[in-house]
1. Quick check for you: which residues of region B:121-140 have the amide N under 18 Å from the point 7 Å beyond the Cα of B:Met1 toward its beta carbon?
2. If amide hydrogens are placed 1.01 Å from N in the peptide plane, which non-local residues have theirs closer than 5 Å to the one on A:Gln365?
3. Starting from the coordinates of the alpha-carbon atoms of chain A, obtain the Kirkwood hydrodynamic radius over all distinct pairs and give the value in Å to one decimal.
4. What is the mean number of Cβ atoms from other protein chains located within 10 Å of the Cβ atom of each residue in peptide B:241-248, rounded to a whole number?
5. Where the centroid of each part is defined by its Cα atoms, how far is region A:105-180 from region A:2-50 in Å?
6. Between A:Glu179 and A:Arg129, what length comes free when the chain is fully extended (0.36 nm per residue of separation minus the Cα-Cα distance, one decimal in nm)?
7. Please give me the summed charge of the neighbours of B:Asn200: other residues whose Cβ is under 10 Å from its Cβ, Lys and Arg +1, Asp and Glu -1.
8. Sort out the exposed loop trypsin sites (Lys or Arg not before Pro) in chain B (DSSP loop, at most 16 other Cβ within 10 Å) and tell me the longest stretch that has none.
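Any read-out appearing in this document is the output of simple, stated calculations on the displayed coordinates, not a laboratory observation. This structure is a prediction, so every number in the text was calculated from the model and none was measured. Every residue, glycine as well, gets a Cβ built from its backbone with ideal geometry; the counts of neighbours run over all protein chains shown.
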2 protein chains.
Amino acid sequence: MKITNVKSYLVEDIVKPFTWQVDRPGSGDGRDPRKNFSCVMVLDTDEGISGYAKGPKGRIMMDLVERRFSSDLIGMNPLNSEKIWEKCWDTDRLEEYPLYAMAMVDIAVWDIKGKKAGLPVYKLLGGYRDEIPAYASTTSYDTLEEYRDVVEASLSAGYPSIKLHLRYRDVKTNAKLCEKVREWVGDDFSLTLDASGLWNYTDSLWFGRVLEELKFEWYEEPMREFELESYKKLCDKLDIPILAAECSDGSHWNAAEFIRRDACDIMRTSTHYKGGFTGGMKVGHVAEAFGMKAEVHGGGHNNLHLCLALPNNTYYEDLVIDVEDIEAKGQGQLKFENGMYSFKEQVAGVGIEYDHDELETISIQKYEKF
Amino acid sequence: MKITNVKSYLVEDIVKPFTWQVDRPGSGDGRDPRKNFSCVMVLDTDEGISGYAKGPKGRIMMDLVERRFSSDLIGMNPLNSEKIWEKCWDTDRLEEYPLYAMAMVDIAVWDIKGKKAGLPVYKLLGGYRDEIPAYASTTSYDTLEEYRDVVEASLSAGYPSIKLHLRYRDVKTNAKLCEKVREWVGDDFSLTLDASGLWNYTDSLWFGRVLEELKFEWYEEPMREFELESYKKLCDKLDIPILAAECSDGSHWNAAEFIRRDACDIMRTSTHYKGGFTGGMKVGHVAEAFGMKAEVHGGGHNNLHLCLALPNNTYYEDLVIDVEDIEAKGQGQLKFENGMYSFKEQVAGVGIEYDHDELETISIQKYEKF
């Protein structure tokens with residue numbers, strides 16, 4: 001089996017707007033909160049099977065596909081996914097591309113493998129389970145009332161856990177929010193918090209004590225993830241598990257450094273930030289070897305496959321933008337029932353098919369190697 | 001003082017072709033060994049001063065300038081370079097851009113500051129010296145004869161030091177090359193070696209012993225820089241100084257991690273990989289505080305400013321492609337005499353001026369905020 005052509009399409013998606021921390025970008029890609037450039041990559045093979053992957057930062061991806069990935073991939077056997085991953089990884093030293101660029105290649109390759117085998121990717125990767133509990137992962141809101149609406153809608157929708165993202169940097173404002181949410185959901189409900197790298201060590205420690213008091217299940221990315229030693233200090237001090245290594249570069253080699261330094265208690269993995277299924281699984285396996293969970297970051301088909309494959313992941317992360325968004329859950333291709341996510345029907349590969357003619361019509365720009 | 005407009009131009013440069021490791025990309029940007037997309041970024045101010053920066057990965061830069069940097073920069077005071085750096089750094093968490101994207105912004109900002117002050121950037125940053133010794137940094141060649149030609153031309157040109165890059169991964173082939181080069185240059189000449197992350201720990205240790213025997217001055221990036229603990233082991237074992245942290249992400253926060261883990265003996269800094277002058281200087285200062293050199297990676301105007309500003313940098317890195325390239329040194333805007341690099345004349349800012357009309361003519365694509 002050989003890759004015979006590489007194509008990519010630049011697509012402009014319309015997204016549902018949401019806000020994030022006050023001084024940080026929210027939804028959209030910087031031009032407009034409703035707009036996102038995406039890239040759909042297609043790998044054709046000599047057996048008539050095509051693999052697909054869709055990724056963010058569309059124009060950046062178009063550039064990388066044309067300049068690097070297309071030449072690297074032509075003639076390679078997509079069943080040798082590990083060899084392809086290694087080749088992309090080595091080129092990373094020169095290109096310093098974000099790992100979600102490598103992820104596109106790896107996802108398209110595994111899509112081909114799944115189709116060739118007639119099996120969903122998660123069965124090829126491990127097939128640990130067929131459905132998984134989801135947590136409602138909030139965006140961030142101006143007022144307590146808005147948080148309350150989303151929390152209540154999440155409870156009604158049946159999520160067994162809720163994760164908070166924050167609007168303001170001030171730790172005291174956030175402590176009040178967390179107290180309120182604990183009040184609303186009751187003492188036994190699972191709550192977690194993601195600070196998205198908002199603070200320094202001092203604020204992070206102070207806030208960790210608040211979360212311990214309020215019996216949150218984990219405390220995620222309080223600081224940017226370049227300071228492993230600050231994470232180590234925090235882990236030493238706090239009992240609440242620190243979840244980290246989401247955005248840090250280096251896939252499983254970076255996971256190994258976090259573990260060696262005792263710099264996290266729960267590892268982050270994902271298809272997006274760890275280089276696709278290959279990198280995401282490797283991170284999961286390293287964490288497992290050290291008795292550590294590897295929680296999958298982000299939703300969608302790709303991450304659901306990873307969630308179902310890995311034994312040491314416990315939740316599917318479901319971003320919930322507002323009440324309306326929560327009410328629409330389960331209407332797409334993924335099944336959401338009783339707080340659990342699964343595939344509605346057995347898929348081969350990733351399970352997203354693209355119509356070539358439609359891609360030609362809707363895309364703003366196209367590249368093909370041949 | 002305020003930034004009033006942000007512009008960027010996509011330019012296709014023709015470069016002199018060269019090869020790198022056999023299974024890795026060499027010159028050019030992947031499409032063609034002679035071609036490179038670049039981006040010229042222009043920041044206009046309300047005082048009529050414009051700042052310029054030119055960077056690689058042109059189409060990626062065009063995207064980032066349009067989507068992120070332009071909105072972030074409009075209205076900011078370019079004299080508040082630290083504030084601008086912090087803003088870009090924070091957005092990095094979301095965008096995961098390579099640090100040389102931030103470098104573009106920082107360099108253009110310092111270009112404005114230098115012009116406003118009527119001083120070259122290196123005088124604003126520190127002004128430790130006005131000229132600096134350069135080492136000839138080879139590309140890589142198929143045969144010993146080609147290495148010999150370049151080594152001899154480098155000696156004739158007056159370089160006080162030569163750094164080797166390697167063509168093949170095999171450590172024994174490379175050991176023979178290093179023995180030969182030591183023979184050619186004599187016992188007392190300064191030689192260094194840059195493995196560009198070619199090996200694992202075992203090969204790296206074996207090769208380090210070869211370099212110790214041959215009295216090389218430093219041993220650079222034998223492994224990819226995600227494995228700090230492997231670097232620590234290597235530093236513990238070897239006497240030859242290990243130079244590292246060139247490509248690793250995280251600017252001075254990453255430098256701090258390398259230092260805290262005793263994972264390098266000489267720190268790498270640069271405008272390119274550390275986020276411009278601001279990041280490059282911070283890395284230099286962190287290293288200095290720990291009695292460590294911070295050697296500047298790469299040449300050109302920007303890195304020469306950094307070289308002249310930092311007290312704990314000893315060399316300017318001058319990439320030498322072949323004999324013809326070596327013979328042409330000093331013909332451009334930078335002075336090369338007696339193995340030393342300096343600016344030919346006093347410059348204000350970075351010292352590269354762009355002709356707006358010419359940019360409009362030669363550029364393939366243009367963006368302007370207003």
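1. So the set is B:121-127.
2. HN-HN under 5 Å from A:Gln365: A:Leu10.
3. Hydrodynamic radius (Kirkwood, Cα pairs) of chain A is 21.2 Å.
4. Going residue by residue through B:241-248 and averaging, the value is 1.
5. Here the two parts' Cα centres lie 20 Å apart.
6. 14.5 nm is the gain from fully extending A:Glu179 to A:Arg129.
7. Neighbourhood net charge equals -1.
8. Here the longest segment lacking exposed loop sites spans B:216-343.
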